[in-house]
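Here is the structure we will look at, set down as structure tokens.
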Amino acid sequence: MTILERSAGNKYGKQLQETNAGRQKAERKSHMEKYRELTGLCLMPGVNNDKLETFRQKYINDPSKVVPMHITLLNRFFLPGAMNTEIVDKLKAIASRTQRFEFWAKPLSCFPTSNVLYLTPSPLAPVEAMTQVLYDTFPEYHTDFCGFSTYHMTIAIGNPKKKMNDIIKEYLEIFEYAPLRFEARSMDMFHLSENKWTKYLSFDLA
């Protein structure tokens, strides 16, 4: 075997190793995504717009499809196995001290890198106030030290980029640019396990 042949063989072998390593890494990531476990706290407005929920069910192509319209307050929280009476009592107290409030969902915004379409809740003050109480009560989950997160109400996710304009057009044909009225009614805890979301706890607002 010539030097050139050995060099070509070594190069091919290295590329094959890198390809296999990349495939194994992708498989591990896919496995982790499938079996990851998360818990989040959400502000729930209740289902009072059937047309909007039908639209969401059509265009949310993600495991979160089973979660009704909501605003995420904390995207990380104690897993069910770590919950105890003290934590539950604190959540009950926060909910019982929070009056139900009216807000509006304004169209139409997008996270361009992930092709997520969402409505923006307004006013934000009561949502931020509730989140701040959660931060103060559970400082270990105060992870956004630059302020509050971008509060949003997802209406479409997991769709091809080329379909986005058609989805936006369909939304505007149904709802136009008018804000949609909601009432915040409860704080719910959702749990993701084996790629499935389920409601774990619910706390009614006052």
Tell me which residues, restricted to segment 129-138, are part of a helix (DSSP H, G or I) and surrounded by 14 or more Cβ atoms within 10 Å (Cβ to Cβ). 130, 131, 133, 134, 135, 137
Can you run down the residue pairs with Cβ atoms below 7 Å, 6 or more apart or on separate chains, where the first is in segment 158-175 and at negative phi and the partner is at pLDDT 95 or above and assigned to a helix (DSSP H, G or I)? 159/59; 159/167; 167/59; 171/55; 174/55
So, in segment 139-193, of the ones that are in a strand (DSSP E or B) and farther than 29 Å from residue 206 by Cα, which residue ends up nearest to the chain's Cα centre (by Cα)? 157
Single unsatisfied condition, residue 64 versus (1) of a type in the set (Gly, Ala, Ser); (2) touching a helix residue (DSSP H, G or I) at 6+ places or on another chain (Cβ under 9 Å); (3) at pLDDT below 95: (2)
Which of the numbered conditions does residue 70 fail, given that it passes all the others? Conditions: (1) out of contact with any Phe, Trp or Tyr (no Cβ under 9 Å at 6 or more places or on another chain); (2) closer than 25 Å to residue 205 by Cα; (3) at pLDDT 95 or above. (1)
How about segment 31-120: which strands (runs of 3 or more DSSP E) wholly inside it have at least 1 residues that are exposed (fewer than 14 other Cβ atoms within 10 Å of the Cβ) and among the aromatic types (Phe, Trp, Tyr)? 101-111
Members of segment 121-137 found to be over 19 Å from the mean Cα position of the chain (by Cα) and either acidic (Asp, Glu) or on the phi > 0 side of the Ramachandran plot (or both), listed by number: 136
Options 174, 167, 155; residue that is farther than 20 Å from residue 122 by Cα and either surrounded by 15 or more Cβ atoms within 10 Å (Cβ to Cβ) or at pLDDT below 95 (or both): 167
Yes or no: segment 145-152 includes at least one residue that is modelled with pLDDT of 95 or more and closer than 25 Å to residue 50 by Cβ. yes
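The values are calculated or read from the model by the stated rules, or taken from the named source; none is laboratory data. Since this is a predicted model, take the numbers as computed values, not measurements. Cβ sites come from the backbone with ideal geometry, for glycine too, and all protein chains shown count toward neighbours.
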